2 protein chains.
Amino acid sequence: MPVFGTLVVVGPGLIGSSVLRRAKARGDLAQRLIAVDSSEQVCARVRELGIADEATTDITTAVAQADCVMLCVPVGAMGAVAATVVPAMKSGAVLTDVGSTKVSVIEAITPSLRADIAYVPAHPMAGTEFSGPDAGLANLFEDRWCLLTPLACTTAQSLHDIRSLWERCGARLREMTPSHHDRVCAIVSHLPHLLAFTICGTADHLAAETRSEVLDFAASGFRDFTRIAASDPIMWRDIFLANKTALLEMLGRFMEDAKAMGRAIEEDDTAYIVSRIEEGRAIRKSLQENRQA
Amino acid sequence: MPVFGTLVVVGPGLIGSSVLRRAKARGDLAQRLIAVDSSEQVCARVRELGIADEATTDITTAVAQADCVMLCVPVGAMGAVAATVVPAMKSGAVLTDVGSTKVSVIEAITPSLRADIAYVPAHPMAGTEFSGPDAGLANLFEDRWCLLTPLACTTAQSLHDIRSLWERCGARLREMTPSHHDRVCAIVSHLPHLLAFTICGTADHLAAETRSEVLDFAASGFRDFTRIAASDPIMWRDIFLANKTALLEMLGRFMEDAKAMGRAIEEDDTAYIVSRIEEGRAIRKSLQENRQA
Ligand SMILES: NC(=O)c1ccc[n+]([C@@H]2O[C@H](COP(=O)([O-])OP(=O)(O)OC[C@H]3O[C@@H](n4cnc5c(N)ncnc54)[C@H](OP(=O)(O)O)[C@@H]3O)[C@@H](O)[C@H]2O)c1
Ligand SMILES: NC(=O)c1ccc[n+]([C@@H]2O[C@H](COP(=O)([O-])OP(=O)(O)OC[C@H]3O[C@@H](n4cnc5c(N)ncnc54)[C@H](OP(=O)(O)O)[C@@H]3O)[C@@H](O)[C@H]2O)c1
């Protein structure tokens with residue numbers, strides 16, 4: 001039994017097209033799949049890839065047919081897209097999103113909500129540094145967490161259905177409040193990205209000669225950072241601004257810790273240095289036991 | 001034609017055992033391979049692995065037979081090990097090391113040097129987060145850089161031979177001064193490791209509840225950091241202290257840049273945020289074109 005009759009994915013990029021691929025592969029996420037994108041070129045590509053039954057730029061006609069609309073656009077665009085989508089939805093349909101931040105996305109969508117539409121905010125914690133409809137993978141969410149932050153307007157049935165959808169994508173589920181979600185993601189994802197972008201910038205600002213050698217000799221340490229830093233600028237700008245409060249708090253804590261590490265190196269405080277390095281290893285070990293590494 | 005008659009690797013850990021594996025696989029690095037380790041257990045393991053013709057704890061007897069001695073111990077141990085090794089070496093033999101920092105390793109080894117021993121400092125820029133004789137890989141250095149920092153006591157012949165050895169390991173070679181080496185490595189490798197260790201510590205210091213969720217939900221950003229941070233504490237403590245000057249300079253620059261990024265987020269300076277993210281992507285692209293990503 002498919003979870004939904006018609007599923008409309010707005011924004012068939014990395015995340016949206018991964019859901020579509022999974023839905024096509026399994027057949028039991030929805031009976032009918034519609035992709036919506038404002039670009040006719042992207043729609044044409046979705047058709048070529050054959051990952052939706054229909055791909056269209058006509059957003060209101062598409063969402064009017066939906067039993068579930070999944071918003072897979074950048075977090076900064078969620079509010080504007082919801083303002084177009086929600087008024088056109090049919091009564092009793094479910095709205096969900098995949099935004100990487102939750103408090104600000106929920107605040108942006110809330111003014112558009114209707115009493116007869118259930119809204120289930122979600123965040124599948126999976127991704128790559130690539131974007132667009134070609135980047136998607138049917139197994140992107142396999143064994144990854146999908147965090148749900150249900151609200152007052154989230155009915156038990158809609159929560160159950162969205163849980164089923166992500167379970168069928170292979171994800172592991174957890175529910176929490178939106179603000180708790182944002183703090184956890186600030187430290188596990190947003191701050192690491194901020195640091196990776198920053199160190200690439202620092203390297204870039206070095207004297208020209210050293211810079212070209214930075215490129216030549218990037219050892220594994222730096223290489224991993226640039227992989228993180230290769231992600232889409234607009235998406236990350238949006239995420240940083242959308243999760244400003246939690247991110248700046250975590251950045252502040254990190255800066256204190258980095259200063260302390262610098263001081264320990266300055267003062268040859270070997271015990272401090274080793275204990276900090278050991279902490280990193282311990283966290284790594286837990287991740288491995290947890291099948292997340 | 002093998003480059004050397006007898007090659008003695010002191011410290012058959014990740015790097016040392018990788019050289020031994022490569023030498024065994026090709027046969028033309030040296031005619032005879034001896035591994036030296038202060039632990040009988042490690043020697044027994046090297047024998048089991050069959051990656052050397054001989055494995056011994058008797059360092060002076062071993063190095064007395066060497067045409068080349070390669071020091072593959074932590075940078076903080078290089079001086080003490082050289083003080084034992086160099087007096088026992090035969091006249092005309094070559095001494096080399098693989099330390100991740102060069103200025104301080106050279107300073108530590110210099111007091112032990114003899115006029116009839118050529119010394120070629122080297123740094124193969126390859127590694128994994130694992131250590132010990134089981135961690136080595138015959139192809140670890142394939143397509144990776146090996147930086148050479150020749151000194152006044154580096155004869156043309158010894159430099160030629162050490163170049164040949166690393167070329168046969170598959171490495172790409174570049175020569176530079178020791179201090180330039182240390183600045184380049186501070187930004188491409190040591191600072192990224194310092195940041196990775198620090199963010200793991202920051203996460204660990206969060207309130208207990210959030211910490212367990214950090215472990216649960218580590219998204220790809222944090223996962224990559226913990227992979228870097230999983231490296232050996234003693235090796236990295238040594239590297240941080242050995243390259244203190246360059247590392248603290250790069251940390252200072254980075255902290256300024258991170259503060260500026262925090263300010264930009266605080267003030268919604270989207271142009272600044274995006275330009276910083278774009279820099280990261282540009283560096284990534286260059287690395288890919290350079291076959292380093
Ligand atoms: N990538 C990750 O690691 C990851 C992980 C979890 C959650 N997320 C979240 O998933 C969402 C999508 O990310 P993604 O990685 O899939 O990005 P993506 O590959 O760049 O796809 C974004 C999609 O949104 C559309 N779009 C962009 N700006 C828009 C606008 N202003 N109005 C309407 N549509 C717009 C794009 O259409 P065009 O191609 O026509 O511009 C594209 O179809 C974001 O909210 C992100 O926070 C991402
Ligand atoms: N790992 C990397 O990413 C990387 C990359 C390039 C260069 N390097 C450099 O390569 C060298 C070795 O690193 P590695 O990763 O191969 O480390 P490793 O796997 O931990 O091996 C270190 C070796 O040195 C021996 N050793 C440790 N402390 C010693 C001491 N005080 N006196 C004598 N021997 C000692 C160890 O013997 P026991 O096992 O008996 O303790 C072991 O055989 C270091 O100088 C490092 O900076 C490392």
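The values are calculated or read from the model by the stated rules, or taken from the named source; none is laboratory data. It should be emphasised that the depicted structure is a prediction, and the values quoted were computed from it without experimental measurement. Don't worry about glycine lacking a Cβ; one is built from the backbone with ideal geometry, like all the others, and counts go over all protein chains shown. Accessible surface is based on the protein model in full, side chains and every heavy atom, while ligands, DNA and RNA are left aside. Shrake-Rupley method; radii C 1.70, N 1.55, O 1.52, S 1.80 Å.
General remarks:
- Coil-residue trypsin sites (Lys or Arg not before Pro) of region A:80-183, DSSP, other Cβ within 10 Å capped at 15: A:LYS90, A:ARG114
- Shielding of peptide A:265-277 by partners, expressed as the average count of other chain Cβ atoms within 10 Å per residue Cβ, is 6.
- Sparsely packed loop sites in region B:239-278 (the GluC sites (Glu not before Pro) outside DSSP H, G, I, E and B with at most 14 other Cβ atoms within 10 Å) comprise B:GLU267.
- When DSSP beta bridges are restricted to pairs lying wholly in the protein assembly as shown, around 10% turn out antiparallel.
- Over region B:4-176, the ratio between the Cα radius of gyration and 2.2 N^0.38 Å evaluates to 0.91.
- Solvent-accessible area of A:VAL98, all protein chains in place: 10 Å² (probe radius 1.4 Å, heavy atoms, ligands and nucleic acids excluded).
- Residues along region A:189-208 losing 50 Å² or more of accessible surface when the other protein chains are present rather than the chain by itself (probe 1.4 Å): A:PHE197, A:THR198, A:ILE199, A:THR202, A:HIS205, A:LEU206
- Exercise: per-residue mean of other protein chain Cβ atoms within 10 Å, A:228-236: 6
- Projecting 7 Å from Cα along the Cα-to-Cβ direction, the label point of B:ALA156 sits 8.8 nm from its equivalents in the other copies, listed shortest first.
- Cross-link reach list, lysines versus A:LYS102, counting only Cα pairs under 27 Å and skipping chain neighbours closer than eight places: A:LYS90, A:LYS244, B:LYS259
- q = 0.05, 0.06, 0.10 Å⁻¹: log10 I(q)/I(0) that the Debye formula gives for the protein assembly as shown, counting C-alpha atoms only: -0.26, -0.37, -0.86
- In a reduced charge model with +1 at each Lys and Arg Cβ and -1 at each Asp and Glu Cβ, the protein assembly as shown shows a dipole moment near 800 debye about its Cα centre.
- Here A:ARG47 sits with roughly 120 square angstrom of accessible surface, probe radius 1.4 Å.
- Around the Cα centre of region A:1-82, unit charges on the Cβ atoms of Lys, Arg, Asp and Glu (plus for the first two, minus for the last two) sum to a dipole of about 280 debye.
- Extension gain for A:GLU48 to A:ALA260 (0.36 nm times residue separation, less C-alpha to C-alpha distance): 70.9 nm.
- Cut-off 12 Å between beta-carbons: net charge of the residues surrounding B:GLY99, Lys and Arg +1, Asp and Glu -1: -3
- The radius of gyration of the Cα set in chain A, together with its Dmax, comes out at 21.0, 67 angstrom.
- Region B:180-289 - percent of accessible surface contributed by carbon and sulfur, probe 1.4 Å: 47
- Other protein chain Cβ atoms within 10 Å, averaged over every residue that makes up A:174-187: 3
- Gyration tensor verdict on region A:180-289 (Cα atoms; rounded if a/c is under 1.5, prolate if a/b is larger than b/c, oblate otherwise): oblate
- With a 1.4 Å probe rolled over the protein heavy atoms of all chains, the accessible area of A:VAL105, B:VAL3 falls in the order B:VAL3, A:VAL105, largest first.
- Gaussian network model of chain B, springs between alpha carbon atoms under 10 Å - residue of B:GLY50, B:GLY170, B:GLY262 with greatest fluctuation: B:GLY262
- Heavy-atom accessible area with a 1.4 Å probe sorts B:LEU33, B:LEU241, largest first, into B:LEU241, B:LEU33.
- Debye, to nearest 20: dipole size of region A:180-289, +1 on Lys, Arg Cβ, -1 on Asp, Glu Cβ: 360
- Surface composition of region A:4-176: carbon and sulfur make up 52 percent of the accessible area, probe 1.4 Å.
- Loss of accessible area when B meets A, both sides summed, Å² nearest 100, probe 1.4 Å: 8600
- A 1.4 Å probe run over the protein chains yields, for region A:70-219, 32 Å² of accessible area per residue, whole-number rounding.
- Only DSSP H runs of four or more residues enter the estimate; each adds -39500 (n - 2.57), and after division by the residues of the protein assembly as shown the mean residue ellipticity at 222 nm equals -16500 deg cm²/dmol.
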